[in-house]
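Only the coordinates and a few stated rules stand behind these numbers; no lab work does. All of these numbers come straight from a predicted model, not from anything done at the bench. Glycine also receives a Cβ, built like all others from the backbone with ideal geometry; neighbour counts cover every protein chain displayed.
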Amino acid sequence: MHIFRELYFFILRKLEHFLPARRLIIVNDDSLPEKIPLRSIILARDGDEDWCIGFKCPCGCNRTIELMVIDEACPRWDYCIDHNRLPSLHPSVWLKDGCQSHFWIKKGRVIWV
């Protein structure tokens, strides 16, 4: 089973550059919607305050990843959006349980670590 998982991640890493970049969708709420479109990154914004960024795990495990961006959160992530509305996140995302994926999001693309 372990070798199939490694092969799966290898294929995902190679295909990432051929797939369209993930675009940012802004929702006006302080939490993420129940359903998150595949290959989308959601920014939950309440008024002028950004709360969190969410997306489906790029490994395909179907886990919803929620990253806090408010100043008071610990840990918290920073994000920036380029002129094409492609988001980048800092620091990297490292899931310590479940699929244990570790990656960066740069200009809407997943860069596996």
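General remarks:
- DSSP beta bridges in the stretch 2-112 [antiparallel fraction, %, rounded to 5]: 75
- Along the chain, counting only GluC sites (Glu not before Pro) with a DSSP assignment other than H, G, I, E or B and at most 16 other Cβ atoms inside a 10 Å radius, the longest segment between sites is 73-113.
- Residue-by-residue Karplus 3J(HN,Hα) for the stretch 47-57, coefficients 6.51, -1.76, 1.60, Hz, glycine and proline x: x, 9, 9, 7, 9, 8, 10, x, 6, 7, 4
- Length gained on full extension, SER88 to TRP104: 5.0 nm, using 0.36 nm per residue less the C-alpha separation.
- Overall form of the chain per C-alpha gyration tensor (a/c, 1.5; a/b vs b/c): prolate
- Amide proton proximity set for ARG23, modelled H, under 5 Å, gap of 5+: ILE41
- By the beta-carbon count within 10 Å of each Cβ, the least crowded to most crowded order of VAL93, VAL27, VAL113, fewest first, is VAL113, VAL27, VAL93.
- A DSSP coil position with no more than 16 other Cβ atoms inside 10 Å describes the following trypsin sites (Lys or Arg not before Pro) in the stretch 5-104: LYS35, ARG39, ARG63, ARG76, ARG85, LYS96.
- Remark: the PHE10-CYS74 segment gains 19.9 nm on full extension, using 0.36 nm per residue and subtracting the alpha carbon distance.
- Here's the picture: a label point sits 7 Å out from the Cα of ILE25 along the beta-carbon direction, and within the stretch 63-86 the residues with their amide nitrogen under 18 Å of it are 63-67, 85-86.
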